[in-house]
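Peer 1: Just passing along the structure, written as structure tokens.
Coordinate-derived values only; no laboratory data. Being a predicted model, the structure only gives us computed values, none of them experimental. Every residue, glycine among them, receives a Cβ derived from its backbone with ideal geometry; neighbour counts consider all protein chains shown.
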Amino acid sequence: MELKSLDSTKKIAQAVAINLKINDFILLSGNLGTGKTTFTRFLINYLQKINDRPLEEIVSPTFNIVQYYDLGKDLKIAHYDFYRLKQKREILNIGLLDTAKDFINIVEWPEIAMNSLSNFLQIKFTYDPDKDLRSLEFNGKGKWLGFNIDDK
């Protein structure tokens, strides 16, 4: 699916957001600069807006690995960035699998964790600099199997 503009990225993020529940995993894959954090910002800000929460600046938690957002009504988001993690045991050390049931979990650079998860939506972001074109692809497992969005 082509991302023709920031507005199309925002609409797709909102379409994913309305399907999210506690204990869900959204896994964002792709090279640097392909749109993972921008997508996350749109998704979290949309959930903040519909839950009457102030909009926060959303940045990738590359150095602290996880950033938490409280949306009220027992709805919380854990935004992870696994770019710096090298071993699977590091995921256990940060408590990902222990605390996931209490959060909507968004993970950038998730490849190290994917074999530990049985229920997730992976969104693969790509960028073609020759065409200045960003695109994404959905791959689901568990409840997310076959998930797609009509981009029309």
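Peer 1: Given the options Leu85, Ile112, Tyr127, identify the residue whose Cα lies farthest towards the positive end of the charge dipole of segment 2-143 (+1 on Cβ of Lys, Arg; -1 on Cβ of Asp, Glu).
Peer 2: Sorting the options by dipole projection puts first Ile112.
Peer 1: Another one. Give me, ordered by chain and number, the residues 5 or more places off Ile104 or on other chains with an amide H under 5 Å from its own placed amide H.
Peer 2: Placed amide hydrogens put Asn23, Lys76, Ile77, Ala78 under 5 Å from Ile104.
Peer 1: Now, a different point. In debye, nearest 20: dipole of segment 2-143 around its Cα centre with unit charges on the Cβ of K, R (+) and D, E (-)?
Peer 2: Result for segment 2-143 is approximately 260 debye, rounded to the nearest 20.
Peer 1: Just how many % of Cα pairs in the chain lie over 26 Å apart, if you round to the nearest whole percent?
Peer 2: Cα-Cα pairs of the chain separated by over 26 Å account for 20 percent.
Peer 1: Taking 0.36 nm per residue of sequence separation and subtracting the Cα-Cα distance, how much length would be gained by fully extending the chain between Ser8 and Lys143, in nm to one decimal?
Peer 2: 46.2 nm
Peer 1: How large is ³J(HN,Hα) for each residue in segment 107-117, as worked out from phi by the Karplus curve 6.51 cos²θ - 1.76 cosθ + 1.60 (θ = phi - 60°), to whole Hz, x for Gly and Pro?
Peer 2: Working through the residues one at a time gives 10, 8, 6, x, 3, 5, 9, 4, 6, 8, 10 Hz.
Peer 1: Taking a 19 Å limit on the Cα-Cα distance, which of the listed pairs Lys10/Lys36; Lys4/Lys143; Lys21/Lys88 fall beyond it?
Peer 2: Lys4/Lys143; Lys21/Lys88
Peer 1: Karplus couplings for segment 40-45 from phi (6.51 cos²θ - 1.76 cosθ + 1.60, θ = phi - 60°), rounded to Hz, Gly and Pro as x?
Peer 2: 4, 4, 4, 5, 5, 4
Peer 1: Karplus couplings for segment 12-26 from phi (6.51 cos²θ - 1.76 cosθ + 1.60, θ = phi - 60°), rounded to Hz, Gly and Pro as x?
Peer 2: Values, residue by residue: 5, 4, 5, 5, 5, 4, 5, 9, 7, 9, 3, 6, 7, 10, 10 Hz.
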